[in-house]
1. In region 259-288, what residues are of a type in the set (Lys, Arg) and loosely packed, with under 14 Cβ neighbours inside 10 Å?
2. Have a look at Leu275, Leu197, Leu234, Leu286 and point out the one that is part of a loop (DSSP other than H, G, I, E, B) and not acidic (Asp, Glu).
3. If I ask for residues that are surrounded by 22 or more Cβ atoms within 10 Å (Cβ to Cβ), within 15 Å of the chain's Cα centre (by Cα) and part of a loop (DSSP other than H, G, I, E, B), which ones from region 289-340 would you list?
4. What number of residues within region 125-155 satisfy the criterion of being in a strand (DSSP E or B), more than 25 Å from the chain's Cα centre (by Cα) and among the small types (Gly, Ala, Ser)?
5. On the given criteria, is Lys244 surrounded by fewer than 17 Cβ atoms within 10 Å (Cβ to Cβ) and outside any loop (DSSP other than H, G, I, E, B)?
6. Among the candidates Gly370, Gly343, single out the residue that is in a loop (DSSP other than H, G, I, E, B), open to solvent by less than 20 Å² (accessible area, probe 1.4 Å) and either in contact (Cβ under 8 Å) with a residue 24 or more places away in the chain or more than 30 Å from Asn284 (Cα to Cα) (or both).
7. Tell me the residue from Ala215, Ala206 that is open to solvent by 10 Å² or more (accessible area, probe 1.4 Å), under 23 Å from Lys151 (Cα atoms), small (Gly, Ala, Ser) and touching a strand residue (DSSP E or B) at 6+ places or on another chain (Cβ under 9 Å), please.
Amino acid sequence: MSSTRSTQFGFKRSLRQVIKIKQIRRKSDQSSRNSGVAQVTHFLYLKLALFVVCLLLAAIAALIIGAYAHSTNNSINSIPNSNSALSNSHSNFDPRLLSFQQRLIANQQLVAEMRVRELAQIKAHNRSITSVSFNPSGSQMLTSASDGSSKIWDRQGNLLRETKPGAQIVWHSSFSNDGKTFITGTQDGKVRVWDLLGNLVREFQAHSDWVNTVAFSADGKSILTSSSDGTAKLWNLNGQVIAKFSGHQGIIWAASFNPKSKLIATAGADGDVRLWDLQGRLVNQLKGHRDAVRSVNFSPDGKHLATAGNDRTARIWSINGKELYQLRGHKGIVRQVRFSPDGNLLATTSEDQTVRIWNLQGKQLEKLQGHTDWAIALSFSPDGKVLASSSADRTVRLWQIN
């Protein structure tokens, strides 16, 4: 009897231990489940917090970018008509007053607005057309050619006047500042002044070899010439030498007046560009081209100049001689480079038969095709809306710039 009770008591105690162990396990499992839920909940809260932080950071960034864009737009909008060659929205503003840096900003903003189309093709001469230029009002255009003739056209391409073809190639020509006369430089080293009826007014022996450049000064009181005899010269209107510029090794292909200061630039077959004062003293020497320099042109504000040459490049320089940008893309000699009247664009001609338009950072904006031989010379109309290009294909093409 005692043994039976002891056995029952042991069984009950074992049963209570089993039950207790199960209870402990259930509590442990419940605790584990609760801990897992807590971990998942903690993870979800953390993820939500990170998402909120990201949203806040994105909102702050958007506010900063918006404020910067508003500031930039205000700074650009504070430049009235910075691209007046392409837009007439502020016709009373002179963009030549802009700094070079301001024109860079305006140029970046309005490049997409530029469109160029061919207006007309003029079969102007019987041989290569070596020079083309507009008169100061933009109503007439002057062309000269290796057939020895010079012709005056209206803006629509109608012939108005012409000089009689001569035995001497006319390499360059330009209107006077009042538009009442024009000047030519020829193969025989002579400079000739003509009236608008094509009558010879004056001539003088300027050089012993080809005259490559002829140009009037801004005040119209002097004439600048360059020549294959290795010199450039400054003349009064009576054909008397005021100054002589010597130092280039070989042909001086081009020369240009600075429109805002008493400086002259020359470009030579030696690859150098030189700056001179009006007394013929060397002021600076620009080196960078790897071959002959064919063309030089000052910006309208007189603070920069552009050059072009046989190394197939054009370059933009500061007046102190620092090279700023290179214009690369032509596949042949670059014959000429010109700033637009507002100084926002550059145009070049090349023996690759193309005319190209560039921004002030050296980026090509337009490639104008149509000439079937060397593209030689070019000129912007004073309002900047028309670009004229001449070629060895005996034509002048007029391009509309919108």
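1. So in region 259-288, the residues of a type in the set (Lys, Arg) come out as 260, 262, 274, 281, 287.
Correct list: Lys262, Arg281, Lys287.
2. On the way: Leu275 fails: part of a loop (DSSP other than H, G, I, E, B); Leu234 fails: part of a loop (DSSP other than H, G, I, E, B); Leu286 fails: part of a loop (DSSP other than H, G, I, E, B).
Result of the check over Leu275, Leu197, Leu234, Leu286: Leu197.
3. Passing the criteria: Ser299, His330, Ser340.
4. Within region 125-155, residues that are in a strand (DSSP E or B), more than 25 Å from the chain's Cα centre (by Cα) and among the small types (Gly, Ala, Ser) number 3.
5. Details: surrounded by fewer than 17 Cβ atoms within 10 Å (Cβ to Cβ): yes; outside any loop (DSSP other than H, G, I, E, B): yes.
In short, yes.
6. Working: Gly370 fails: open to solvent by less than 20 Å² (accessible area, probe 1.4 Å).
After applying the criteria, what remains is Gly343.
7. Values: Ala206 fails: open to solvent by 10 Å² or more (accessible area, probe 1.4 Å).
Residue meeting the stated conditions: Ala215.
Yes/no per residue for (1) more than 17 Å from Thr349 (Cα to Cα); (2) of a type in the set (Gly, Ala, Ser):
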residue	(1), (2)
Ile129	no, no
Ser139	yes, yes
Leu142	yes, no
Gly148	yes, yes
Trp153	yes, no
Asn158	yes, no
Glu162	yes, no
Gly166	yes, yes
Trp171	no, no
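The values are calculated or read from the model by the stated rules, or taken from the named source; none is laboratory data. Worth saying up front: this structure is predicted, and the values here are computed from it rather than measured. When we count neighbours, we look across all protein chains shown, and the Cβ atoms used for this are built from the backbone with ideal geometry, even at glycine. SASA here: full protein model, heavy atoms, side chains in, ligands and nucleic acids out. Shrake-Rupley method; radii C 1.70, N 1.55, O 1.52, S 1.80 Å.
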